[in-house]
Amino acid sequence: MAYAHTSLFSESLGMSTSVAVILPQRTSTQIGMSGNAPVGDPPVLYLLHGLSDDETAWTRRTSIERYADDAGIAVVMPRVERSFYQDMAHGERYWTYVSQELPAVLHQLFRLSDRREDTFVAGLSMGGYGAMRLGLAQPERFAAAASLSGALDMAHPLVRHERQDFYDLAFGEDDITGGDADLLALVRRADPASLPALMVACGSEDDLWPMQHSFLAAAGESGVEVTTSFGPGAHEWGYWDARIRDVIDWLPIRRS
């Protein structure tokens, strides 16, 4: 595998930012690695960080590079600060950056597939919210979307009351219920036939556990199928390391 930690200028953000990219590399003598790489442009997983993290978190705290090597996929890990992957009410346009600009820039810079069947998104906590919003809002782009311990019910009044420090910066002072930032509203309005495959994973000791069931209830109202992975676990990296491996095994990756 190759690893690139790249600085680039974003027109959407009006500033330079960073992205980490893992790229398949065909090798035969790299000890402990399979050296898998597909013929042609590799499938790509956009892997999103949480509220307290940055673009380096997944590579520093999990074995994502080994898992990606086994699967023969590229992994893109953007930096979005504490934006909740929004065009922030009081900040930068991170939704526009992640959903439109970054894929186009990376297609120019790296050999990555841009086909829907080769494009996936996943994330943890804040990144789980971002992954589900991307999958629900842009189903034409993604074949699968997965949330690990995701903040899936940001419209809940308790969220705003308890975490107003970052909530108002990202979402503003108005209630987001029913709008494009409300995942429960998005999944209720969704056409099940058009959606990517969806997965929700969360540990039963996680404070965000109730949000998973709110999202699943809303999905059930629209007949949207969601693969679930529930069991013991807290909001911590040992859990996410195990589950991201499960996610990669679940992805409908094109094999060669």
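The values are calculated or read from the model by the stated rules, or taken from the named source; none is laboratory data. What you are looking at is a predicted structure, and each value in this text was computed from that prediction instead of being measured. Every residue, glycine as well, gets a Cβ built from its backbone with ideal geometry; the counts of neighbours run over all protein chains shown.
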Enumerate the pairs (first residue in the stretch 66-91 and without any contact (Cβ under 8 Å) to a residue 60 or more places away in the chain and over 30 Å from residue 36 (Cα atoms); second residue anywhere and hydroxyl-bearing (Ser, Thr, Tyr) and assigned to a loop (DSSP other than H, G, I, E, B)) with beta-carbon separation below 9 Å, excluding pairs fewer than 6 apart on the same chain, so at least 6 apart or on different chains.
87/12
Please go through the stretch 68-108 and give me each residue that is in contact with a Ser or Thr (Cβ under 7 Å, 6 or more places away or on another chain) and over 30 Å from residue 172 (Cα atoms), ordered by number.
69, 70
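Rundown of residues vs (1) closer than 20 Å to residue 67 by Cα; (2) out of contact with any Lys or Arg (no Cβ under 8 Å at 6 or more places or on another chain); (3) of a type in the set (S, T, N, Q); (4) without any contact (Cβ under 8 Å) to a residue 12 or more places away in the chain, yes/no style:
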| site | (1), (2), (3), (4) |
| --- | --- |
| 162 | no, yes, no, yes |
| 189 | no, yes, no, no |
| 201 | yes, no, no, no |
| 209 | no, yes, no, yes |
| 234 | no, yes, no, no |
| 250 | yes, yes, no, no |
| 254 | yes, yes, no, no |
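Any residue that is hydroxyl-bearing (Ser, Thr, Tyr), out of contact with any Cys (no Cβ under 6 Å at 6 or more places or on another chain) and in a helix (DSSP H, G or I) - is there at least one of those in the stretch 173-180? I'd like the intermediate steps shown before the answer.
Here is the first cut: in the stretch 173-180, the residues hydroxyl-bearing (Ser, Thr, Tyr) are 177.
In the following step, the residues that additionally are out of contact with any Cys (no Cβ under 6 Å at 6 or more places or on another chain) were identified as 177.
Checking the rest, the ones that are also in a helix (DSSP H, G or I) come to none.
No, the conditions are met nowhere in the stretch 173-180.
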Tell me the helices (runs of 4 or more DSSP H) entirely within the stretch 63-151 that contain at least 3 residues that are crowded, with 24+ Cβ neighbours inside 10 Å and among the small types (Gly, Ala, Ser).
126-137
Any idea which of (1) hydrophobic (A, V, I, L, M, F, W, C); (2) at pLDDT 95 or above; (3) more than 20 Å from residue 224 (Cα to Cα) is the one residue 169 doesn't satisfy?
(2)
Taking the stretch 1-50 and keeping residues surrounded by 15 or more Cβ atoms within 10 Å (Cβ to Cβ), touching a residue at least 60 places away in the same chain (Cβ under 8 Å) and part of a loop (DSSP other than H, G, I, E, B) leaves 1, 12, 13, 38, 41, 42, 43, 49, 50
